[in-house]
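The values are calculated or read from the model by the stated rules, or taken from the named source; none is laboratory data. What you see is a predicted model, and the numbers here were worked out from it, not measured in a lab. Note that each Cβ is placed from the backbone with ideal geometry, even for glycine, and that neighbours are counted across all protein chains shown. Accessible surface areas use protein heavy atoms only, side chains included; no ligands, DNA or RNA. Shrake-Rupley method; radii C 1.70, N 1.55, O 1.52, S 1.80 Å.
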Amino acid sequence: MNSKHPLHQLKRWISRVLLVGLMWSMSGSAALAASSWNPTLLVNTESFNSIDDGDGTTDIELRFGDTGNLRLFWDVSDSHFEFTRPVYVQGDLTASGALTINDDDTGDAIITFGNTTLDETLKFNATTGQFEFSDDVNISGTASGSHVHAERLMTTSGALVVEEGQTFTINGNTYTFPLLQVGSGRVLKTDGNGQLTWSTDVDTNAQTLCDANEYLDGDGNCVDVIEESELGSESDLETQLGAINVIVETEIDSESELESLLVDVTNVYTNNDGILYTESVTDNRYVRIAGDTMTGALLIKVGEGNEALEAEAGLGLEVVGTASGEHLHAERLLTSSGTIKAVGAITTDDQLQINADDTGDATLTFGSDTADEFILFDNTQDRFEFSDDIQTPGSISGSTLTVDGQVTIHGVTYTFPTTNGDNGEVLTTDGNGTLSWTSQTVGVGSGGVVFLSPEYPHAVYFSSGSVTNFIGQLTYDRDETNQENYYHWTSTKADLQEYWISAQIRVPDNFSTWDDARPIQLRYRTGTANAADNYISMRMIDTAGVNVALTGAEQLKNTSWTTAIITGPEAGGTFTAGSYVTIFLKLVTTSAGSTDAGYISLNWETSAP
């Protein structure tokens, strides 16, 4: 095998294009793919990498060395891959799409086939617009097409088939053969334009004489000519035409006579005076079912006793009775002076306006088997009012929620204070649902707070467990909307995949104690609120190397940025000043979710220097 042959190079090139294309398509998901800088990639255990697309206007490249222009790149303008050097394919070349040779459309397009003696080619000649083989062509199946050409000689050891409706050209003359074979002894005759027919073999040296009222046809037969004298009557014409009935004017005096003379015709219609239809004498009182226009009004009378002869003045369409149907349409406006009743649903593709005259309150009434309820828009208060309770399975959102009375949350009724509290005060309950503003009694210490924001100082990233459960990408990024720095963990796997972040923090020399209320705070967010999809957990080792029992630190999940208050170090653990504690974050996700880790705040109190 000639491994350096252009065809083998082409096969290898296309295989690599397919491989790179697969990598590109896998990395194209915004939810899973991380580039080298936005977001910044920290860990990648996935089986693909993504190259940044810059500003979206430049080609995306893989470069091999810094000399020789050795590149594989994605051409942004033409949306395809290109290699700057020949490509060698060691195995088979397979493509599910089109294979284009000579894509720049210049010159001939050539495929070369290696041979131990002399290479052979298949060339598409750009000048003649045809394929050319450099050697013999052996077709084991069927060769077909609109044009099969041989420059010197075309032979066949089998049958030659010309499809129906196709022509055959010999020495520049094009012939169309007859479709059917006829009796023996017939010969092919041409009409002078290449149309061939099977005809009787007539001796061209013999002379055939016909009578004066006959002519000689192409088959050498004498055919009778119908003369004017032979058409003196209706019966003469029917005789010459052969079993064909001829209808004359005198036979058509009525609809029934015409119906009896026409085959497969049941009814013949006339206008209102009994004469066959003539447009100039039609009755204008009737509307054509095929569609029509009219300058006056249209009155439709339904049922007995409707004596009106004309539509009411000013109306284009008046229906006396009930108008109903599958679809009632008005181009601009549909009004009713009475009640509109719909047995089924009323739907609209646009707005439904109540109280269009903008006067007074607007009310939408809902029928009930007990007492009707309603939604009212109070024109004076400029607000909606409901006559009964409101329940929604989803969310209620808006810029302002005004509550005049008590609020019930998860079955617990609360009475809120009627005034704002002072700065720093918190809501306190009396145990019976009455809330009041009180001063906060627990602080965060004397300023000895350690705040870690991604990327955490001196942090490391590591996996734990089997290689099958830590496949994903760990990046860090910035949420401009919520002003959050965060780590972002994603995976393409359907099973839970985990990765760890570890940071060591030095206990200050003047450490005193942990904050009682919120010793540790963790900012986090997950893609879904389901722990089967994603969550984050925290571990802590004290300065003695012992795990600290933490509360509120396991399987945290929330689709919004949330600050978890984690307790435990204030109740137990060894925290020696000048030594180090270690914080571990376990980020877990599947392809259905994602896990984001924000800041960590260690709230401890310190003594005066």
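If you take the charge dipole of the stretch 363-427 about its Cα centre, with +1 on Lys and Arg Cβ and -1 on Asp and Glu Cβ, which of 420, 363, 401 is farthest toward its positive end?
My answer, from the dipole projection, is 420.
As a test question: what accessible area, to the nearest 10 Å², does residue 329 have when a 1.4 Å probe is rolled over all protein chains in place?
Residue 329 has an accessible surface of roughly 130 Å² with all protein chains in place.
At q = 0.12, 0.14, 0.19, 0.24 Å⁻¹, what is the log10 ratio I(q)/I(0) for the stretch 370-456, with the Debye formula run over Cα points and no solvent?
-0.69, -0.84, -1.11, -1.28
With a 1.4 Å probe and all protein chains kept in place, how much accessible area does residue 315 have, in Å² rounded to the nearest 10?
Accessible surface of residue 315 is approximately 70 Å².
Under a plain spin-label model, where a point goes 7 Å from the Cα along Cα-to-Cβ, how far apart in nm are residue 187 and residue 399?
Reported label-point gap for residue 187 and residue 399 is 10.1 nm.
Figure the gain on full extension for residue 235 and residue 69 (residue separation times 0.36 nm, minus the Cα-Cα span) and round it to one decimal in nm.
50.3 nm
Just subtract the alpha-carbon distance of residue 94 and residue 135 from 0.36 nm times their residue separation and send over the number in nm, one decimal.
12.2 nm
Can you pull the one-decimal nm distance between simple spin-label points at residue 210 and residue 357, each 7 Å off the Cα toward Cβ?
Going from the residue 210 label point to the residue 357 one covers 9.2 nm.
How many angstrom lie between the Cα centre of the stretch 520-567 and the Cα centre of the stretch 369-416?
After rounding, the separation between the Cα centres reads 36 Å.
Between residue 386 and residue 117, what is the label-to-label distance in nm when each label sits 7 Å out along the Cα-to-Cβ direction?
For the pair residue 386/residue 117, the computed spacing is 9.3 nm.
Mind running the shape call on the stretch 507-580? Use the C-alpha gyration tensor, a ≥ b ≥ c as the square roots of the eigenvalues: rounded below 1.5 for a/c, prolate if a/b tops b/c, oblate otherwise.
Judged from the Cα gyration tensor, the stretch 507-580 comes out prolate (a/c at least 1.5, a/b above b/c).
Quick one: order 502, 157 from most to least accessible surface, probe 1.4 Å.
Listed by decreasing accessible area, they come as 157, 502.
Could you order 48, 64 by accessible surface area, starting with the largest, using a probe radius of 1.4 Å?
64, 48
With every protein chain kept in the model, how would you rank 83, 124, 131 by accessible area, 1.4 Å probe, largest at the top?
I get 131, 124, 83, largest accessible area first.
If contacts are Cα pairs under 8 angstrom and at least 6 residues apart, what is the relative contact order of the stretch 407-497 in percent?
Taking the mean separation of contacting Cα pairs over the length of the stretch 407-497, I get 18 percent.
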